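Participant: Supplied in structure tokens, the structure appears directly below.
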Amino acid sequence: MSDIITYHYNIPSVLQAGGSSGSLRLSGFNETAGTEMPVFFDGKLQQPYVTARCLIALSNVVKAGFSLSTAMAAMVKDPIITAGNNKLRFEGFSLCAGVYARVDLLPGSHAGDFPASGTVNVDFNQPMINALGAVGRNTKLQLQVGNRHVSMQSSASGKVTEKKVPLPVKWLKGLTSVQLLMAGTEQALLFNKMQLLQLFHGIPSGQVKTDYYLFMRGGRPQLTPVKMPGAVCIGGIHRLKLLEPLLPLADELRVYAREDMQCTVWQLHFGPVRFSLALSREAWRGFSGEGAALESLIADIPDSWITRFDQRSYENQEFNITLRAVKEQISFQQIDNLTARLAAMGLLGYDTADNTWFYRRLPFRLSRLLSLNPRMKGAEQLLTTGGVTIIAKDKVRMEARVAGTVVTHTVILESGKDKCTCTWFSRNQGERGDCKHILAVKKKLSGDI
């Protein structure tokens with residue numbers, strides 16, 4: 001974990017714009033001592049057995065590395081915990097960043113106080129895993145989430161405390177893309193307890209390298225490696241086995257999918273507790289390498305907007321796109337770009353079941369977004385060096401020449417069907433976001449350069 005971000009909290013926290021670089025900073029982030037609210041949640045869990053099993057499953061996701069060695073897969077075990085709006089959310093990525101998991105503890109799953117709202121990243125070490133494993137159906141379980149720790153105390157194993165640890169930059173990058181990809185999903189399938197058991201019984205054993213397609217036939221879930229119209233495409237289907245320990249406890253399974261099938265979300269429901277598992281299209285490709293946010297990041301969003309919307313989201317712990325657009329009298333395209341920018345900063349997460357954005361506080365600077373997105377950095381370099389030349393432009397079509405490493409590339413923007421002659425675009429055909437050449441042309445057209 002050499003590439004990390006360290007963050008600290010003071011509550012209340014307010015965004016401020018400032019600095020000679022024009023970056024944003026959080027006034028509540030203080031490297032030294034300050035006035036701190038120590039606790040975000042303190043109370044009893046109403047479904048301790050289910051919650052403990054979900055948190056163990058989350059830890060198993062975080063320890064998994066589907067394109068990495070076993071030794072590397074054992075390096076990171078850090079869930080991100082957000083408390084606010086009477087909800088607790090535990091998030092984590094597989095080490096390869098191609099699987100994202102979240103445990104949502106909704107109202108009714110806990111009884112306690114939320115003195116403040118905030119986010120902390122801790123390390124679930126073996127003592128915590130052992131304590132969770134010891135939780136039985138009649139165990140009483142207390143939870144406390146603070147700005148520097150998470151503590152659990154049970155009638156089965158006593159008290160265990162985990163301290164705050166740094167957040168891996170790769171996770172911050174993944175948090176950007178996966179939330180935006182999840183926001184583009186729609187519920188495709190719903191399985192009751194019997195159907196979800198039938199589904200998992202049909203998953204092939206071992207590591208599967210080909211895509212599988214899921215559909216319903218005669219009320220039963222069916223899996224096939226043959227592409228079928230209307231079926232949900234699943235890449236790396238063996239990754240779904242991470243859900244198997246939770247199946248006997250679940251009430252239902254909801255499957256969400258994007259039209260381009262670049263992400264699927266598998267959500268198990270246990271009353272007021274939910275466990276969500278998001279899968280990237282290929283097992284070897286992490287969410288951190290996707291380009292879901294790139295086009296929105298080139299849009300001209302004033303710093304004052306980000307400051308204002310961040311403050312209001314912090315107060316409400318939700319980000320209602322329609323309500324914000326109407327109240328602020330800005331277009332839905334602008335609000336979409338703003339949402340992507342806030343998500344790229346780690347400030348927003350997406351809840352597929354409720355179709356809403358939720359707020360979390362992670363560290364960011366606007367200038368840091370370029371370093372987290374190499375294609376954006378490459379586009380900026382092309383513009384700085386004058387590597388973009390507009391050849392032709394009208395209302396429906398634009399053609400440009402963009403400097404490449406060896407040859408000059410042609411970029412065509414036409415009715416949303418963007419094309420580039422570079423190898424990267426030829427290989428991905430826009431499925432992983434724009435290449436740096438297309439990004440550079442769009443940014444030049446936006447009037448920033």
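The values are calculated or read from the model by the stated rules, or taken from the named source; none is laboratory data. This structure is a prediction, so every number in the text was calculated from the model and none was measured. Here Cβ is always computed from backbone atoms with ideal geometry, including for glycine, and neighbour counts include all displayed protein chains. Areas reflect the complete protein model, heavy atoms only, side chains present, ligands, DNA and RNA absent. Shrake-Rupley method; radii C 1.70, N 1.55, O 1.52, S 1.80 Å.
Participant: How far apart, in nm, are the 7 Å Cα→Cβ label points at Glu328 and Gln126?
Facilitator: Simple spin-label model gives 4.9 nm for this pair.
Participant: Another question about this same structure. Using only the heavy atoms of the protein chains and a 1.4 Å probe, how would Val39, Val61 rank by accessible area, largest first? Mind showing how you got there, number by number?
Facilitator: Details: Val39 25, Val61 0 Å².
Sorted by accessible area, descending: Val39, Val61.
Participant: While we're here: Using only the heavy atoms of the protein chains and a 1.4 Å probe, how would Lys209, Lys393 rank by accessible area, largest first? The partial results should precede the final answer.
Facilitator: Working: Lys209 185, Lys393 140 Å².
Listed by decreasing accessible area, they come as Lys209, Lys393.
Participant: At a 10 angstrom cut-off on C-beta neighbours, averaged per residue, how do the peptides 135-146, 214-225 rank from highest to lowest? Show your work: numbers first, answer last.
Facilitator: On the way: 135-146: 17.2, 214-225: 13.8.
Peptide ranking by packing, descending: 135-146, 214-225.
Participant: Counting only the heavy atoms of the protein chains, how much of Lys241 is accessible to a 1.4 Å probe, in Å² to the nearest 10?
Facilitator: Here the accessible area works out near 60 Å².
Participant: Find out how many positive minus negative residues lie around Val50, taking Lys and Arg as positive, Asp and Glu as negative, among other residues whose Cβ is under 11 Å from that of Val50. The partial results should precede the final answer.
Facilitator: Values: positive: Arg53, Arg137, Arg274; negative: Asp251.
Neighbour charge sum, excluding Val50 itself: +2.
Participant: Straight distance only, please: which lysines reach the Cα of Lys227 with their own Cα at less than 18 Å, same-chain residues fewer than 8 apart left out?
Facilitator: Within the straight-line cut-off, Lys227 pairs with Lys209.
Participant: Right, next: When the chain is fully extended, how far beyond the present Cα-Cα distance does Thr224 get from Asn138, taking 0.36 nm per residue of separation?
Facilitator: Numbers: separation 86, 0.36 × 86 = 30.96 nm, distance 4.15 nm.
Length gained, Thr224 through Asn138: 26.8 nm.
Participant: Solvent-accessible area of Tyr256, probe 1.4 Å, all protein chains present, reported in Å² to the nearest ten, please.
Facilitator: 10 Å²
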